[in-house]
Structure formats: structure tokens, C-alpha cells
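Undergrad: Have a look at this one before I ask anything.
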Amino acid sequence: MTAAEQGNPFRSGVGGGVTVSQSSDFPGGEDGRRRATIGTTPVRQPLERIDQRDNAFWRRKHGLVRGAEPAAIPRRAEEQAADGEAGDPLQRIFFGEERRANCLNEQLAGMVDGPCRPEQHGFGSPEVASRHLTEAALFLGADLAGCCELDEGFVYTHVGHESGAASERAGEPVELGHGYAIVLAAEMDYRLISSSPSYIDAAEVGAAYVRVGLAAVSLAAYLRELGWPARAHIVRNEQVLQVPLAVQAGLGELGRNGFLVTARYGPRVRLATVTTNLPLTPAKPVNLGVEAFCRRCLKCADCCPSRSIPAGEPEWVRGAQKWRIEGDDCLAFWGSAPERWGNCNVCIKVCPWNKPDTWWHAWAAAAVRRLPGLTRPLVLLDDLIYGRNPRPRVTFLGYDNRKPSPWVGPKQS
Ligand code: B12
Ligand code: SF4
Ligand code: SF4
């Protein structure tokens, strides 16, 4: 039984970015829980926390996979890289564990926290602190950044990873004790992601994790040098749910695809967070019109090779009304053709919000917000110009997404 099923032992406050709703679209209160929205997502407070061991990455490792023997799910490239078996050297530098000194994300995962300078710098006000840290995050390499209060509903109850770099061990309770967060996003390259599924988009995922991880680790270190406790949450060493925090921090909206859709890059971003106890003023969540667009669009649901994205209505999942993603099926697809791909980004590449940053894309995004009726024509236009499920040929560092990986074969190391 997960911690969520046992009931939430913590109070989850109405933090930054949460609007208490008067709307009759999602009335309630019969269960005594407070109705609100986070961005455009309806929630019932308090939110139910999740145990990190109960997400698709760790469920298999901890034997919690529902309806399947863990061994029946194909091993994905990252998992093989972690055991030093993967043939792909880029996967090894981003996700390998055998030679940790060669793995950038593993190195960064060991740098998420550290000592604090004894003298504390006063910012004057939470507004000034928020502006300063948002600017610092952009300077340190993020493409988007915003602040929010940290709702405990988005902090895992227990650690799921078994990363060599993380000081915590799987099963330990998470005790974060921070009340605020700065959320960072790094753009992923449009062309490389359009090759999905392949080892080319998998490499860009690893590289973007390094970019956003470096920015977050640096920002946390900067805050500690200003005398404020701060911890970065990055791949391989994170204690928070990045997507809802990004929504609260005003970076974008939750899409049907199950993650953040931004105005500028669509869903084509990687996220990292810095938590702290320095008081910050939360940014305002945005309504870009994504949720309304997703109700009519369905491109990600149609094109998902593992059918993990629903074509139907949002459901209540642990206190939030959203589209339910079948994480185990998605992950199984990643491992289904190790000679051809290491993960998948199809739900990013086909999304009409994922387009190069041009004036006509910005115009269409602004227009659809005012006139949701434009959704269908714009989706048809998107199909016409870019294709329903395009897979353009991409070559890169000796890879060709139309051919098996050049690294497949006997163990390379
Ligand atoms: C576990 C995990 C997975 C698992 C399971 C995902 C799932 N939905 O069950 C698998 C392996 C399948 C997966 C796949 C992918 N993932 Co993933 N994943 C994670 C990870 C590490 C933990 C999330 C988690 O615990 N999910 C389990 C439960 C909580 O899932 P859930 O109930 O479906 O809730 C999801 C959303 O609804 C949202 N959410 C949860 N509660 C609430 C409440 C509110 C109010 C709101 C608004 C949102 C929200 O967060 C969850 C995101 O998975 C996060 C990083 C992080 N720490 O957040 C990255 C992360 C969500 N993944 C990411 C991405 C991009 C992907 C993929 C495209 C693969 C890729 N190539 O990168 C696919 C997309 C699959 C999909 N359609 O969701 C990005 C999303 C970036 C963005 N633009 O938002 C993240 C944030 C990684 C990162 N640091 O950038 N992922
Ligand atoms: S990553 Fe691929 S398999 Fe997973 S949900 Fe997205 S499209 Fe489907
Ligand atoms: S592809 Fe369409 S339905 Fe899916 S997230 Fe993007 S806009 Fe929403």
C-alpha cells in the first residue's frame, strides 16, 4: 500500500499559485476537502502525497508493478546504462553508473545540497528576493524560471532512487522542511527531439538534464552562499514533483500529455527545482488556453505508440483532476527496441504547442486563447504543415534515426 493510499499524514496548505475556486464546474466539499485550482487544474485540498517508490521508474525496481511481473517489462537504455551494459556511450555519460566519474548527471546529483554561509543576506522583501532569484536562474542557464510556495502535496513521502550520488536511500522518509521553490526549465532542441523515438532524442534528453541540473545546482549553491538553506532537485536526486510546481510558478499549464506545456517551447522543456526557506512571492499561474485546446486536440493520445495517454476526459487522481497517464506502459515502450531507441518523446514532438519560436506560432498561441473555437482548424493546419505523426530523417554524430544505433551489438566497455 502506498503512503497516498494510507492517507496523507501532512497538512497540505493552499500555497502559492493556488486559487480557491467558486466555479460550478468542479463544486464539492461533500468529503470535507477544499476545492481549488492550480493553474487550470482542479484540485481537492489537502492533496495526497505520493511515495517516490510508486512511480513507474522505481515501481519495477521495488516490485510494485501492477498487473505484470517486473521482469516482463523490457529494460530501457537508461537502466542498462546504469548497469554498464548499454552500448550507447552518450547514454552512459548521461545516465551510466558503472564509471560514475564519467556520468554528468550522477556528478550533479551529488551536488544538490551543501553547507550554508553563516551570515544571512537580507533581500528586503519576498518580492525583491523572487525577482533576484528568477534573474539569477536565467543567468545560470535556465530558459524559463518562476517562484512558488512549496505545497507539501508535491513532496514525495519516501525516497525511491538508489542513486550512488544521493545521500538518501530508497525507503527513507523525505524530510525537506522548505516552504518555497524556484522552478527552472531548459529548452530541448527542436530538431533532435523531432527524431523521436531514437537514440538522438534520448541524447538530447540527457544533455538537457545536464543544462537544467547545472543551473539548479548553481542556484542552490548561490542561495547557500547568501546564507539561506537551499536544495536542488534534479534527475537522480529529487524529492519533489516538478510539473505541478512549474504550473504553480507560472511556467505553463498541465496538458493532456501529462506534463507542462509552456507558451514559448510547448512541452519541449526539462525541469529542475530549487527549494529553500527564504520567503518568496509566488508567481501567478498562467492560463494559456492549453487545457481547453487539449480537450479538442488529442494529437498526443492518437500518436502515442504505447497508448498511454487517454483520449477521454480528465479523472480525479490523488486529489487533482487531470488526464491519467499509464506510466508503466510508456516505460515499457522505451525498452521495446533497444537497437533503435532508448526512450520516447513522441508526445512532445507531435504537440502543436511544440514549434520553433516564430512570430506565427506566437500569434496562433495567442489567438487560440481568445478564440478556443480555432483549436480544430489550427490542429488541422498543424497536421497539414508539420504532419500528424512526423518522423523526419535526422542524422547526428554518426546516428541516423532511420537506422539502428551504430553502437548496438556486443558490450562496448
Ligand atoms: C516517473 C516519471 C516518469 C514515468 C511515469 C510518468 C507518469 N505520469 O506516471 C515515465 C517513465 C512513464 C515518464 C515518462 C515521461 N516523462 Co517523466 N518523469 C517522471 C518523474 C521522474 C517523476 C514524476 C512522478 O513521480 N510521476 C508519478 C505520478 C505523480 O504521476 P501522475 O499522477 O501521472 O502525475 C503526473 C502529472 O499529472 C503531474 N502532476 C501530478 N500531480 C499533479 C497535480 C497538479 C495540480 C498538476 C497541475 C500536475 C500534477 O506530475 C506527474 C508527471 O509525471 C518526473 C520528474 C519529477 N520529479 O517530477 C519526470 C517528468 C515529469 N518527465 C518528463 C518527461 C518529459 C517525460 C517524457 C516525455 C519522456 C522523456 N523523453 O523525457 C515521458 C512522457 C510521459 C507522459 N506522457 O507523462 C519531464 C516533464 C517536463 C515537462 N515539460 O513537464 C519531467 C518533469 C522530468 C524533468 N525533470 O524534466 N516519466
Ligand atoms: S513518451 Fe512516448 S510512449 Fe510515453 S506517453 Fe509519450 S508518446 Fe507515449
Ligand atoms: S498534443 Fe494536443 S492534446 Fe496533447 S498536450 Fe499537445 S495540445 Fe494537448
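Undergrad: Residue 291 versus (1) within 16 Å of ligand 3 (Cβ to nearest atom); (2) touching an Asp or Glu at 6+ places or on another chain (Cβ under 9 Å); (3) farther than 24 Å from residue 391 by Cβ; (4) in a loop (DSSP other than H, G, I, E, B): which is the lone unmet condition?
TA: (4)
Undergrad: Continuing with this model, one more query. For the range 294-339, what are the residues that are more than 8 Å from ligand 2 (Cβ to nearest atom), part of a loop (DSSP other than H, G, I, E, B) and among the aliphatic types (A, V, I, L, M)?
TA: 298, 311, 337
Table: residues versus (1) within 28 Å of residue 320 (Cα to Cα); (2) at pLDDT 95 or above.
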| residue | (1), (2) |
| --- | --- |
| 163 | no, no |
| 179 | yes, yes |
| 183 | yes, yes |
| 187 | yes, yes |
| 206 | no, yes |
| 226 | no, yes |
| 240 | yes, yes |
| 244 | yes, yes |
| 253 | yes, yes |
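Undergrad: Please go through the range 225-278 and pick out each residue that is in contact with a helix residue (DSSP H, G or I) (Cβ under 7 Å, 6 or more places away or on another chain), farther than 30 Å from residue 117 by Cβ and outside any strand (DSSP E or B).
TA: Scanning the range 225-278 gives 244, 252, 255, 256, 257, 259, 263, 267, 268.
Undergrad: Regarding the range 345-365, can at least one residue be identified that is surrounded by fewer than 20 Cβ atoms within 10 Å (Cβ to Cβ), within 10 Å of ligand 2 (Cβ to nearest atom) and among the aliphatic types (A, V, I, L, M)?
TA: Among the residues of the range 345-365, not one is surrounded by fewer than 20 Cβ atoms within 10 Å (Cβ to Cβ), within 10 Å of ligand 2 (Cβ to nearest atom) and among the aliphatic types (A, V, I, L, M), which makes the answer no.
Undergrad: If you go through the range 201-221 one residue at a time, do you hit one that is buried (at least 20 other Cβ atoms within 10 Å of the Cβ), in a loop (DSSP other than H, G, I, E, B) and either of a type in the set (D, E, K, R) or in contact with a Leu (Cβ under 7 Å, 6 or more places away or on another chain) (or both)?
TA: no
Undergrad: Among the helices (runs of 4 or more DSSP H) confined wholly to the range 1-87, which include 2 or more residues that are surrounded by 19 or more Cβ atoms within 10 Å (Cβ to Cβ), among the aliphatic types (A, V, I, L, M) and at pLDDT below 75?
TA: It comes to 77-82.
Undergrad: Same structure again: Could you list all residues from the range 314-359 that are touching an Asp or Glu at 6+ places or on another chain (Cβ under 6 Å) and either within 10 Å of ligand 1 (Cβ to nearest atom) or free of Cβ contacts under 8 Å to residues at least 40 places away in the same chain (or both)?
TA: 318, 319, 324, 345
Undergrad: Still on this structure, please answer the following. Has the range 368-379 got any residue that is within 16 Å of ligand 1 (Cβ to nearest atom) and either within 21 Å of residue 298 (Cα to Cα) or part of a helix (DSSP H, G or I) (or both)? Give the steps one after another, and end with the answer.
TA: Within the range 368-379, the subset within 16 Å of ligand 1 (Cβ to nearest atom) is none.
No, because not a single residue in the range 368-379 is within 16 Å of ligand 1 (Cβ to nearest atom) and either within 21 Å of residue 298 (Cα to Cα) or part of a helix (DSSP H, G or I) (or both).
Undergrad: Answer yes or no: is there a residue in the range 135-143 that is of a type outside the set (D, E, K, R), assigned to a helix (DSSP H, G or I) and under 19 Å from the mean Cα position of the chain (by Cα).
TA: yes
Undergrad: Of all residues in the range 328-355, how many are more than 22 Å from residue 400 (Cα to Cα) and more than 12 Å from ligand 3 (Cβ to nearest atom)?
TA: Total satisfying the criteria: 5.
Undergrad: Something else about it: Answer with yes or no whether residue 281 is more than 9 Å from ligand 1 (Cβ to nearest atom), over 14 Å from residue 350 (Cα atoms), assigned to a strand (DSSP E or B) and touching a residue at least 24 places away in the same chain (Cβ under 8 Å).
TA: no
The values are calculated or read from the model by the stated rules, or taken from the named source; none is laboratory data. These figures come from a predicted structure and were not determined experimentally. All Cβ positions, even for glycine, are placed from backbone atoms using ideal geometry, and neighbour counts span all protein chains on display.
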